[in-house]
Amino acid sequence: MMRSLWSSSKLLISSVLTGSLLLGGCASTGSSLVDPRLTQSSDAQFFSKSGYQACAMGVGTGVLACVLADSGNKTVCMIAAGVTACGVAMGANYYLDQRRSEYSNTSERLQKYNSDVQLDTQKVVSRTATAQQVIKDDQAQIAQIKRDLASKKIDQAQAKKQIAMVDGNIAQLRQELDNMRVKVKGYNDVVQAERAQGNAPELKQIDANISKMNEKVASLQKEVDGLYSQRSAITLG
């Protein structure tokens, strides 16, 4: 048992180190073309990276805490840190296996799924509030650029510079929406796997909460699409 745990921890640490090196080289790429509210706010890290990237960074922090802590079993601590950091972002099978190892009682495990879904839904809500502020300002910027182009106050080269951040914001939000949808799909896959083992009554509530999360993601998608449509109305050579 301990040999298995140790092997898992070594793999986890190896993944963290590799991921940290890769992320360190690309973390700032293009950041100057994205509104700071999307990169530096308290909710900036939840969906801005892929599941693997977010996991690597989160596990790195957790593993370091385990190494420094006076823990009787650092290996188990490291694995637990990985579960906490990664969640369903690392894939439904990974998440499912880890939760089943933690909660052998089906009812308790399903309650944990439900709690995780609700937590991620709140993250989507928080991120949407930040995105709405940025979108509103981008819409005003687009309208101003259109007026300035029409009145010849700026030329197309100047307009391109002014609208660059709008384009960067749209790209950033689309990436985050992709990551949100990955989470929604992951939770749906977990529910299907659990349902195959028996149609527990708690699954209905989890389904409802996943649907709520999906609705929030779809709502944000609509706002980003609306911003993109306004941006597309400006044709620059």
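Six or more apart or on different chains, Cβ atoms under 6 Å: show the pairs whose first residue is in region 201-218 and touching a residue at least 60 places away in the same chain (Cβ under 8 Å) and more than 9 Å from Thr121 (Cβ to Cβ) and whose second is hydroxyl-bearing (Ser, Thr, Tyr) and part of a helix (DSSP H, G or I).
Every condition considered, the pairs that remain are Ile206/Tyr113.
Need the failing condition index for Gln221 against (1) exposed (fewer than 15 other Cβ atoms within 10 Å of the Cβ); (2) under 23 Å from the mean Cα position of the chain (by Cα); (3) polar (S, T, N, Q), just the number.
Of everything listed in (1) exposed (fewer than 15 other Cβ atoms within 10 Å of the Cβ); (2) under 23 Å from the mean Cα position of the chain (by Cα); (3) polar (S, T, N, Q), Gln221 misses just condition (1).
Here is a yes/no grid of residues against (1) exposed (fewer than 13 other Cβ atoms within 10 Å of the Cβ); (2) closer than 16 Å to Val125 by Cβ:
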site: Gln175; (1), (2): no, no
site: Asn179; (1), (2): no, yes
site: Gly186; (1), (2): no, no
site: Gly226; (1), (2): yes, no
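Can you tell me which of (1) of a type in the set (Ser, Thr, Tyr); (2) modelled with pLDDT of 95 or more; (3) under 30 Å from Ile163 (Cβ atoms) is the one Ser211 doesn't meet?
(3)
Could you tell me whether region 186-196 includes any residue that is in contact (Cβ under 8 Å) with a residue 24 or more places away in the chain and of a type in the set (Ser, Thr, Tyr)?
So far as region 186-196 goes, yes, one or more of its residues are in contact (Cβ under 8 Å) with a residue 24 or more places away in the chain and of a type in the set (Ser, Thr, Tyr).
Taking into account only those residues within region 200-218 that are closer than 21 Å to Glu108 by Cβ and surrounded by 13 or more Cβ atoms within 10 Å (Cβ to Cβ), which is farthest from the chain's Cα centre (by Cα)?
Ala200
Can you find a residue in region 150-165 that is within 27 Å of Val217 (Cα to Cα) and under 22 Å from the mean Cα position of the chain (by Cα)?
Yes, region 150-165 contains at least one residue that is within 27 Å of Val217 (Cα to Cα) and under 22 Å from the mean Cα position of the chain (by Cα).
Might you let me know whether region 136-158 holds any residue that is free of Cβ contacts under 8 Å to residues at least 24 places away in the same chain and over 24 Å from Thr235 (Cα atoms)?
For region 136-158, residues free of Cβ contacts under 8 Å to residues at least 24 places away in the same chain and over 24 Å from Thr235 (Cα atoms): absent.
The values are calculated or read from the model by the stated rules, or taken from the named source; none is laboratory data. Just so we're clear, the structure is a prediction, and the values are computed from it rather than from any experiment. Every residue, glycine as well, gets a Cβ built from its backbone with ideal geometry; the counts of neighbours run over all protein chains shown.
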